[in-house]
């Protein structure tokens, strides 16, 4: 059985409408806004409830060359699933 690293839970959720999501979690549920961090695939907005971190992830990744000869693109399909495409030359 796994042993927890701390007595809290950190969760990340990919959202489609960051403004509506921040409004809901901050103003309706009362989570504290901690800050925003740019990531290679979008932006993570950190909220806190007690010792737990709740991360709202605003996913945006245009076509990108991740190393010479390798390009990736991550897009959402019609159901909102994230699909990754990799092209190697």
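For the reader, a short list of remarks on this structure follows.
- When the test is whether a residue is in contact with a strand residue (DSSP E or B) (Cβ under 9 Å, 6 or more places away or on another chain), surrounded by 11 or more Cβ atoms within 10 Å (Cβ to Cβ) and without any contact (Cβ under 8 Å) to a residue 40 or more places away in the chain, residue 21 passes it.
- Any hit, segment 25-33, residues being modelled with pLDDT under 90 and out of contact with any strand residue (DSSP E or B) (no Cβ under 6 Å at 6 or more places or on another chain): no
- Residue within segment 50-58 that is within 16 Å of the chain's Cα centre (by Cα), farther than 30 Å from residue 5 by Cα and either touching a residue at least 40 places away in the same chain (Cβ under 8 Å) or in a strand (DSSP E or B) (or both) present: no
- Of all residues assigned to segment 42-49, none qualifies as being in contact (Cβ under 8 Å) with a residue 24 or more places away in the chain, surrounded by 13 or more Cβ atoms within 10 Å (Cβ to Cβ) and outside any strand (DSSP E or B).
- Total residues in segment 59-70, condition surrounded by fewer than 15 Cβ atoms within 10 Å (Cβ to Cβ) and part of a strand (DSSP E or B): 5
The values are calculated or read from the model by the stated rules, or taken from the named source; none is laboratory data. Given the structure is predicted, the values throughout are model-derived calculations rather than measurements. In this analysis, Cβ positions are derived from the backbone assuming ideal geometry, glycine residues included, and neighbour counts consider all displayed protein chains.
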